[in-house]
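Enquirer: Shown below is the structure under consideration.
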Amino acid sequence: MEYIAVTAITIFAVTLFLMMKRPRGLRLGYAAGIGAVASLLLGTVSLGQAAQSFFNIWDAALAFLGIVALSVILEAMGFFKWAALRVVGLAGGSGLRLYFYVTLLTAAVSILFANDSAILILIPIVLEIVSCLNIDSKGKLAYLFSAGLIADTAAMPLLTSNPINILSADYFKYSFVEHLIFMGPISVATISSSLLIVYLFFRKKIPKTFDPKKEETLIKNKQVISPSLLKICFVTLAVIDLGYVLTSLNRTPVSLVICSGAVFLGAVYWIILKQNGSVNGQNKGLTRLAREINWDILLFMLSIFIVVQGLETAGITNLLASALEATSKLPSALGVFAPSMVVTIGASFMNNWPMTILGLLSIHQTGASGTALTGLIFSNLIGNNLGPHFFPLGSLAILMWLETMRRRGISISLKQYLKIGAILSIAEVGVASLVLWAELSAGFKLF
């Protein structure tokens, strides 16, 4: 092998190791940053390529920061706890209804606020609810597994549901509406099938009922957000969604919409805090809320793009391009399922962020156009959205889910996880590929 190829592969492997192991609490952005600096110093990536990386990822990175900031503000206002308590009330003492309602709530939060936000904010709330309702340990796993896996599954229909969606749209220059047209039906099919599959795994562990007295205790006197503030939140979210569509018409960066919404709600929060001294019984200032935002995501996204560009320089993406091109030519739905599985395997064992970037660069190298290009673009998204929870290392959201539960005394072994996660991931990719194939067969295409 040439020097560049060996060096690029070594840097990539070391970077992945640092990202997954986080020695001495190393932050994710710093782990990827070490790889980026090594890539520049050792010559696998030029300064010009690094500058291009910034232009490729800035919208996705800024949008993700905006989504996390919006989630943090809404959580401080009590919006998510209000939603969770309403779900408990709607369940009416039925464990089965509670299971489906909690799962659907998690899916909705994942769609609107990205899977990472759904995991970080809702999983602790779900755990608090099932603990207060005295649901046993096996029942808790049913609710927590469903919430965690569906949160990772649901981050597809909107461009903003997952930063990798924005990255793909910016790279190939398609809009929010075009993304929704393709991924909306796919998401409905995968969320529905996933909900059923996870239910079949846990149907015997879900309690039929829970004590209504516990429900009353949990909900009573728990006004976690004022009616007027709740209205402001709903109106803001509706305006943001409308903004997505309107800006999509002239291809305005989607990050500008979500950041504007976050700034507005941040201003509302600050005004209420100044007037009343607290919001939702808390006196967290904006500075304290800002500390809860994962700021190093900017460094991570830029750095991992640079590291992966080193693989492109070394010619590694040519191999993936050949694999994607060959599998996409298989007959019928296999022409969508096979490339999606190629991406799934890569995403599962190297994490979906670097695999998304590798996929984008490789698809560009295939020179595909029209329906073939559209199929590869969305196969890449299917594999990187649904494939990562085949194996825990594949998704940062799943890693955060496992860590959140571990800190609260709930340990899940690799065998326990794979028994569900691996089967669910393959089934989801299969369902999504079938829907995408039907869309392509009906003549839908981006270009």
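Enquirer: Would a scan of the range 138-154 turn up a residue that is part of a helix (DSSP H, G or I), touching a His at 6+ places or on another chain (Cβ under 7 Å), buried (at least 17 other Cβ atoms within 10 Å of the Cβ) and touching a residue at least 12 places away in the same chain (Cβ under 8 Å)?
Expert: yes
Enquirer: Suppose we filter 332, 348 for residues that are assigned to a loop (DSSP other than H, G, I, E, B), in contact (Cβ under 8 Å) with a residue 40 or more places away in the chain, over 16 Å from residue 168 (Cβ atoms) and not aromatic (Phe, Trp, Tyr); which single one remains?
Expert: One residue alone meets the criteria, 332.
Enquirer: Within the range 184-211, can you find the residues that are in contact (Cβ under 8 Å) with a residue 60 or more places away in the chain, outside any loop (DSSP other than H, G, I, E, B) and of a type outside the set (A, V, I, L, M, F, W, C)?
Expert: 185, 187, 190, 193, 194, 199, 209
Enquirer: Six or more apart or on different chains, Cβ atoms under 7 Å: show the pairs whose first residue is in the range 312-329 and touching a residue at least 60 places away in the same chain (Cβ under 8 Å) and whose second is surrounded by 19 or more Cβ atoms within 10 Å (Cβ to Cβ) and not small (Gly, Ala, Ser).
Expert: 313/44; 313/45; 314/44
Enquirer: Within the range 61-70, can one find any residue that is touching a residue at least 60 places away in the same chain (Cβ under 8 Å) and in contact with a Cys (Cβ under 6 Å, 6 or more places away or on another chain)?
Expert: Looking through the range 61-70, at least one residue is touching a residue at least 60 places away in the same chain (Cβ under 8 Å) and in contact with a Cys (Cβ under 6 Å, 6 or more places away or on another chain).
Enquirer: Just need a number here: residues in the range 156-183 that are without any contact (Cβ under 8 Å) to a residue 60 or more places away in the chain and not in a helix (DSSP H, G or I).
Expert: Adding up the residues that qualify gives 1.
Enquirer: Condition first: within 18 Å of residue 438 (Cβ to Cβ) and hydrophobic (A, V, I, L, M, F, W, C). Can you find one or more residues in the range 352-369 that meet it?
Expert: no
Enquirer: Out of 182, 172, which single residue is surrounded by 23 or more Cβ atoms within 10 Å (Cβ to Cβ), modelled with pLDDT of 85 or more and of a type in the set (Phe, Trp, Tyr)?
Expert: That would be 182, the only listed residue that is surrounded by 23 or more Cβ atoms within 10 Å (Cβ to Cβ), modelled with pLDDT of 85 or more and of a type in the set (Phe, Trp, Tyr).
Enquirer: With the requirement that a residue be of a type in the set (A, V, I, L, M) and closer than 17 Å to residue 312 by Cα, what does the range 348-384 give you?
Expert: Hits for the range 348-384 are 350, 355, 357, 358, 360, 361, 363.
Enquirer: Of these, 351, 380, which one is buried (at least 19 other Cβ atoms within 10 Å of the Cβ), at positive phi and of a type outside the set (Val, Ile, Thr)?
Expert: So the residue among 351, 380 that is buried (at least 19 other Cβ atoms within 10 Å of the Cβ), at positive phi and of a type outside the set (Val, Ile, Thr) is 351.
Enquirer: Just wondering, is there one or more residues in the range 116-131 that are in contact with a Ser or Thr (Cβ under 8 Å, 6 or more places away or on another chain), polar (S, T, N, Q), modelled with pLDDT of 85 or more and crowded, with 22+ Cβ neighbours inside 10 Å?
Expert: no
Enquirer: Could you list, in sequence order, the residues of the range 35-75 that are under 24 Å from the mean Cα position of the chain (by Cα), farther than 16 Å from residue 295 by Cβ and surrounded by fewer than 24 Cβ atoms within 10 Å (Cβ to Cβ)?
Expert: Those that are under 24 Å from the mean Cα position of the chain (by Cα), farther than 16 Å from residue 295 by Cβ and surrounded by fewer than 24 Cβ atoms within 10 Å (Cβ to Cβ): 53, 54, 55, 56, 59, 75.
Enquirer: Would you mention how many residues in the range 363-407 are closer than 24 Å to residue 422 by Cβ and in a helix (DSSP H, G or I)?
Expert: 27
Enquirer: Taking the options 97, 27, name whichever one is without any contact (Cβ under 8 Å) to a residue 40 or more places away in the chain and among the charged types (D, E, K, R).
Expert: Testing whether each residue is without any contact (Cβ under 8 Å) to a residue 40 or more places away in the chain and among the charged types (D, E, K, R) leaves just 97.
Enquirer: Moving on to the next point. For the range 3-87, please list each of the helices (runs of 4 or more DSSP H) lying entirely inside it that holds at least 2 residues being among the hydrophobic types (A, V, I, L, M, F, W, C) and over 25 Å from residue 346 (Cα atoms).
Expert: By residue number, 47-77.
The values are calculated or read from the model by the stated rules, or taken from the named source; none is laboratory data. These numbers come from a predicted model, not from an experiment. Glycine also receives a Cβ, built like all others from the backbone with ideal geometry; neighbour counts cover every protein chain displayed.
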